[in-house]
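The values are calculated or read from the model by the stated rules, or taken from the named source; none is laboratory data. All figures in this text were calculated on a predicted structure; none of them were measured in a lab. Note: ideal-geometry Cβ built from the backbone for every residue, glycine included; neighbour counts use all protein chains shown.
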Amino acid sequence: MHEMSVALSVVDQVEQAARPQGVHGVRRVAVEIGELAGVVPDALAFCFELACAGTRLEGAELVTRSVPGRAHCAPCGRGWDTGMPPDMICAVCRAGATELLAGRELRITEVHWSAAPTAPGPAPVPQSEES
Ligand SMILES: [Zn+2]
């Protein structure tokens, strides 16, 4: 399953990331997923939960943000949303020289660390918490 390898890679990257002092876990991880990346957000969230088990990320919430596919035609300069399945042919000049500007993203944009309950030192920087 593609989503499982993506989830494992996200967990791995977060585990390798430099941690601020006084944190013992991860509360939330935000990722951007391009519309054309071939990843189903719900399936990724499910796999992420499995991939987190037994790691520092156990119990972390995955927040996904979808990035629409965006194409650009070099010869005429037209830009358009590709949709899914992607429309990669320029409607104006029918050129095949289409450049994909966005839509293949698969990256971690934010990691919210959770502080240890008894950790000394400065309090973690407050993050916007809406849930
Ligand atoms: Zn064109």
Being touching a strand residue (DSSP E or B) at 6+ places or on another chain (Cβ under 9 Å) and within 15 Å of E105 (Cβ to Cβ) is the filter here, so list the residues in the stretch 63-90 that pass it.
-> V63, T64, R65, S66, V67, P68, G69, R70, A71, D81, T82, P86
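Let's see how each residue does on (1) outside any strand (DSSP E or B); (2) among the polar types (S, T, N, Q); (3) more than 16 Å from the ligand (Cβ to nearest atom):
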residue: V10; (1), (2), (3): yes, no, yes
residue: V26; (1), (2), (3): no, no, yes
residue: E32; (1), (2), (3): no, no, yes
residue: H72; (1), (2), (3): no, no, no
residue: G77; (1), (2), (3): yes, no, no
residue: I89; (1), (2), (3): yes, no, no
residue: G96; (1), (2), (3): yes, no, no
residue: V111; (1), (2), (3): no, no, yes
residue: S114; (1), (2), (3): no, yes, yes
Could you check Q21 against (1) surrounded by 15 or more Cβ atoms within 10 Å (Cβ to Cβ); (2) more than 24 Å from M4 (Cβ to Cβ); (3) away from the ligand (no atom under 16 Å from the Cβ) and say which number it fails?
-> (1)
So which pairs qualify, if the first residue must be in the stretch 79-93 and under 14 Å from A37 (Cβ atoms) and in contact (Cβ under 8 Å) with a residue 12 or more places away in the chain, the second must be in a strand (DSSP E or B) and among the small types (G, A, S), the Cβ gap must be under 8 Å, and the two must be at least 6 apart or on different chains?
-> T82/A71; P86/A71
Quick one: which residue in T118, T98 is modelled with pLDDT under 95, over 23 Å from the mean Cα position of the chain (by Cα) and crowded, with 17+ Cβ neighbours inside 10 Å?
-> T98
Residues that are within 20 Å of A115 (Cα to Cα) and surrounded by 15 or more Cβ atoms within 10 Å (Cβ to Cβ), drawn from the stretch 24-48 | G25, V26, R27, R28, V29, A30
